[in-house]
Amino acid sequence: MPAFDYSASTDPIRADLADEHRRAWRHIAAAGTWLTGAERVAVADETRRARECALCAERKLALSPFAVEGEHDGAGTLPAAMVDEIHRVTTDAKRLTRAWFDSLIAGGLAVERYVEALGVAVLVISIDEFHHAMGLPPEPLPQPEPGEPSRRRPAGVEKGSAWVPMLDPKKADPADRAIVAGPGGRSAEVLRALSLVPEEVRAWVELSSAQYLTPEKMAGMKTDRALDRSQIELVAGRVSALNECFY
């Protein structure tokens, strides 16, 4: 059976969604900017393990997640700091703190690898939640592809406006500027969040364009979806509120 075969679904699923989900899986399996394919698939695996992690469950119930010590139920293939990043982002993102982030970086987790791992986790969470909503089992994770990371740090990165460095659209190369500028050339903070690793922004935008709207269509009220724009935003706003979304 091919990856993301939705033919057996009791509800019709658009072909472009299956195409984008396959593309995201290929993206995860390939060597990235700062992580190998094997590390990226390991990040995807930890994203799923976090949901069954006993330590994460205990921290979720605690008044402060930082009051509970212990070890994550991880696979043991990634550094402990990256495992902690992935598990906390997956299970309790609304209670992350700057002090926690700083401790990971001070402990040796490169900020570029932090951002790339976050980008992979976001893709997996988005697709897994789609499957959950449709009553489908999770797709098996892809096999990692060989190759070395490109280690490309984009021009025009600035510090200070967020926990992680982000692209300044005015200083970025044209190809990178296009992915963070947003409709009409306006800088969009939600697009800049992963911009230290531009390929992760591109991957997120491509998936979001299929599961939500393209950046261009976000600027208007017309859509080609079964729901109109006001209905889409009602659902999106309710989900964001339930998730206590920062943005």
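The values are calculated or read from the model by the stated rules, or taken from the named source; none is laboratory data. Just so it is clear, the structure is predicted and the values come from calculations on it, not from any experiment. Because the Cβ atoms are built from the backbone with ideal geometry, glycine has one as well, and the counts that use them run over all protein chains shown. Side chains are part of the model used for accessible areas, which takes the heavy atoms of the whole protein and leaves out ligands, DNA and RNA. Shrake-Rupley method; radii C 1.70, N 1.55, O 1.52, S 1.80 Å.
Overview of values
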| quantity | calculated |
| --- | --- |
| Candidate aspartates and glutamates for bridging to K217, where Cα separation is under 17 Å - those fewer than 8 sequence places away on the same chain excluded | D16, E206, D228, E233 |
| Solvent-accessible area, 1.4 Å probe, carbon plus sulfur percent, for the chain | 57 percent |
| Rule-of-thumb Rg ratio for region 94-247 [Cα; 2.2 N^0.38 Å; N residues] | 1.13 |
| Gaussian network model of the chain, Cα within-10 Å springs - most flexible of L234, L35, L78 | L234 |
| Size of charge dipole - the chain - debye, nearest 20, with Cβ of Lys, Arg +1 and Asp, Glu -1, no other charges | 740 debye |
| Two-decimal Rg to Rh for region 1-109 - Kirkwood Rh, Cα set | 1.06 |
| Those residues of region 113-143 whose amide nitrogen sits under 19 Å from the label point placed on A80, 7 Å along Cα→Cβ | 114 |
| S240/E148 FRET efficiency (R0 41 Å; Cβ-Cβ; nearest 0.05) | 0.65 |
| Free-standing Cys, the chain [no other Cys Cβ under 4.7 Å] | C245 |
| Probe 1.4 Å, protein heavy atoms only - accessible area per residue of the chain in square angstrom | 53 Å² |
| Cα lying deepest toward the dipole's positive end in the chain, options P2, P12, V235, charges on Cβ | V235 |
| Lys, Arg +1 and Asp, Glu -1 on Cβ, resulting dipole of region 1-72 about Cα centre, debye, nearest 20 | 100 debye |
| R229 paired with A110, simple spin-label distance in nm, labels 7 Å along Cα-to-beta-carbon | 4.2 nm |
| Average Cα contact separation per residue, the chain, under 8 Å, 6 or more apart, as relative contact order % | 21 percent |
| Helix runs (DSSP H) in the chain reaching 15 Å along axis by Cα, Kyte-Doolittle at least -1.0 | 37-49, 80-92, 111-133, 198-211, 229-242 |
| Net charge, L196 excluded, C-beta distance under 11 Å - Lys, Arg +1, Asp, Glu -1 | -1 |
| Sequence-distant lysines (8 or more away, or on other chains) whose Cα lies within less than 18 Å of K159 | K170, K171 |
| Among V43, V68, V124, residue whose mean-square fluctuation peaks in a GNM of the chain (springs only between Cα atoms under 10 Å) | V68 |
